[in-house]
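Peer 1: Have a look at this one before I ask anything.
The values are calculated or read from the model by the stated rules, or taken from the named source; none is laboratory data. Predicted, not measured: the structure shown is a model, and the values here were computed from it. Virtual Cβ from ideal backbone geometry, glycine too; neighbours counted across all protein chains shown.
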Amino acid sequence: MKKLVYTLVLPLTLFSFDYQLKPVEVGSDSVHCFFGYSEVMNDTNNGNMSNSCFVNMGNSYIVIDSGPTYSYASQAYEKMKKKANLKVKYVLNTHVHDDHWLGNGYYKKLGAKIIGSSAFEDLEIEETTRMKRRISPEAYELTTQVHPELFVDEEMVLYIEHKKVIIKNIGHKAHTDSDIYIYIPSKKIVFVGDLVFNDRLPSVRDGDLKGWLEALDEILLLDVDYIVGGHGTIVSRDSVPMTYEYLKLLRSKVVSSMDAGEDIGDCVNSVTMDKFKNIHLYDSMHRQNVETSYRILEWEN
Ligand SMILES: [Zn+2]
């Protein structure tokens, strides 16, 4: 009987989920990203719905967002080693949402230092993560909640192989209360996490409309050719307008609805945005964004 159990269980551990990750060059052959699907996490994509990027600094990599699972991180690094077999020196976590940092445990084991906003200091280890509840156990295998060990309160400047890396804490609520961006002036590139979505609707749930728009204004002032978001494959400065215009229009429409005396239920029904209705996740996320915006703006006024 024991033998039978082994034969049933063993194949599952031997063949854990293959994310089939493909590194895509961004701007130069020193920067690659793995772009996730324009979906919410589920047991088909197994969390492969956010972006994870590698920058070759010369003798080491820095990784921006470690992805949704331990297994994703290990598969991404295997792919990167084929490009250049370098160690990972730092992993930057752009914000606290778990699709962006649950791969940390893998890189920590490799000896990388993990950096994130000081908001991570107050983040508690959850009994079970949102990711664990929604994806398959095989894909989640070995994943643990490893938080950053170095915190960015305002700004941190690193010199990695003589290249300057500026890590800036947005300092107020934007997409979340924990957003940082990673700016590499010599490569004219900035990684902004979920301050930018460009192929699916942004999620406003933990954010603030005014603060988010201010953060985007700040990013657009940087001397960069590449702005890489947490979701979406557009990496030029054209990555920003979809998020920017959606948030701006959402804000003005909800304000008008409130000025017209609509309550939250009426507002959720009346504020539609046809211009964005063909963007992925509009049907499942827009109403929720209107509701969140109403609550935010209620406090603002
Ligand atoms: Zn997020």
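Peer 1: Just to be sure I understand, how many residues within the range 250-272 are part of a helix (DSSP H, G or I) and out of contact with any Phe, Trp or Tyr (no Cβ under 8 Å at 6 or more places or on another chain)?
Peer 2: 11
Peer 1: Quickly run through the range 216-231 and pick out the residues that are surrounded by 15 or more Cβ atoms within 10 Å (Cβ to Cβ) and either in contact (Cβ under 8 Å) with a residue 60 or more places away in the chain or more than 28 Å from residue 98 (Cβ to Cβ) (or both).
Peer 2: Listed by number, the residues that qualify are 226, 228, 229, 230, 231.
Peer 1: Looking at the range 160-186 only, could you name the residues that are touching a strand residue (DSSP E or B) at 6+ places or on another chain (Cβ under 9 Å), more than 17 Å from residue 118 (Cα to Cα) and in a loop (DSSP other than H, G, I, E, B)?
Peer 2: 161, the sole residue that qualifies.
Peer 1: Of all residues being within 16 Å of the ligand (Cβ to nearest atom) and assigned to a strand (DSSP E or B) in the range 187-225, which is farthest from residue 55 (Cα to Cα)? Just the residue, please.
Peer 2: Filtering the range 187-225 for residues that are within 16 Å of the ligand (Cβ to nearest atom) and assigned to a strand (DSSP E or B), the one farthest from residue 55 (Cα to Cα) comes out as 200.
Peer 1: Any residue in the range 267-287 that is of a type outside the set (A, V, I, L, M), within 20 Å of residue 65 (Cβ to Cβ), modelled with pLDDT of 95 or more and within 23 Å of the chain's Cα centre (by Cα)?
Peer 2: To start, the set of residues in the range 267-287 that are of a type outside the set (A, V, I, L, M) comprises 267, 269-270, 272, 274-278, 280, 282-284, 286-287.
When the remaining residues are screened for being within 20 Å of residue 65 (Cβ to Cβ), the result is 280.
This time we only want the ones that are modelled with pLDDT of 95 or more, so: 280.
Narrowing the set further to residues that are within 23 Å of the chain's Cα centre (by Cα) leaves 280.
Within the range 267-287, one or more residues are of a type outside the set (A, V, I, L, M), within 20 Å of residue 65 (Cβ to Cβ), modelled with pLDDT of 95 or more and within 23 Å of the chain's Cα centre (by Cα).
Peer 1: Does residue 105 fit the bill of being surrounded by 15 or more Cβ atoms within 10 Å (Cβ to Cβ) and either part of a helix (DSSP H, G or I) or hydrophobic (A, V, I, L, M, F, W, C) (or both)?
Peer 2: yes
Peer 1: Within the range 64-98, how many residues are in a strand (DSSP E or B) and within 16 Å of the ligand (Cβ to nearest atom)?
Peer 2: Qualifying residue count for the region: 4.
Peer 1: On the given criteria, is residue 265 within 16 Å of the ligand (Cβ to nearest atom) and over 25 Å from residue 36 (Cα atoms)?
Peer 2: Spelling it out, it is not the case that residue 265 is within 16 Å of the ligand (Cβ to nearest atom) and over 25 Å from residue 36 (Cα atoms).
Peer 1: Also, quick follow-up: Within the range 117-133, track down each residue that is polar (S, T, N, Q), farther than 12 Å from residue 148 by Cβ and in contact with a Ser or Thr (Cβ under 9 Å, 6 or more places away or on another chain).
Peer 2: If the condition is that a residue be polar (S, T, N, Q), farther than 12 Å from residue 148 by Cβ and in contact with a Ser or Thr (Cβ under 9 Å, 6 or more places away or on another chain), then 129 is the only one that fits.
Peer 1: In addition: Every residue in the range 177-192 that is touching a Phe, Trp or Tyr at 6+ places or on another chain (Cβ under 6 Å) and under 13 Å from residue 155 (Cβ atoms), please.
Peer 2: Once the filter is applied, which keeps residues that are touching a Phe, Trp or Tyr at 6+ places or on another chain (Cβ under 6 Å) and under 13 Å from residue 155 (Cβ atoms), the range 177-192 yields only 182.
Peer 1: Mind listing just one residue for me: the one in the range 28-63 that is aliphatic (A, V, I, L, M) and within 16 Å of the ligand (Cβ to nearest atom) and, of those, surrounded by the most Cβ atoms within 10 Å (Cβ to Cβ)?
Peer 2: 41
Peer 1: So residue 151 ticks every box in (1) in a strand (DSSP E or B); (2) without any contact (Cβ under 8 Å) to a residue 24 or more places away in the chain but one. Which box is left unticked?
Peer 2: Only one criterion is unmet by residue 151, namely (2).
Peer 1: OK, next. Could you grab the pairs with beta carbons closer than 7 Å, sequence gap of 6+ or different chains, first residue in the range 232-244 and crowded, with 18+ Cβ neighbours inside 10 Å, second one among the small types (Gly, Ala, Ser) and in a helix (DSSP H, G or I)?
Peer 2: 232/239
Peer 1: Given the conditions (1) farther than 20 Å from residue 178 by Cβ; (2) surrounded by fewer than 24 Cβ atoms within 10 Å (Cβ to Cβ), and given that residue 114 satisfies all but one, which numbered condition is not satisfied?
Peer 2: (1)
Peer 1: Any residue at all in the range 124-132 that is farther than 19 Å from residue 50 by Cβ, in contact with a Phe, Trp or Tyr (Cβ under 8 Å, 6 or more places away or on another chain) and away from the ligand (no atom under 16 Å from the Cβ)?
Peer 2: no
Peer 1: Between a residue in the range 171-188 that is in contact (Cβ under 8 Å) with a residue 12 or more places away in the chain and any residue that is away from the ligand (no atom under 12 Å from the Cβ) and assigned to a helix (DSSP H, G or I), which pairs come within a Cβ distance under 6 Å, given they are 6 or more apart or on different chains?
Peer 2: Correct list of pairs: 172/211; 173/211; 174/211; 174/215; 177/119; 178/119.
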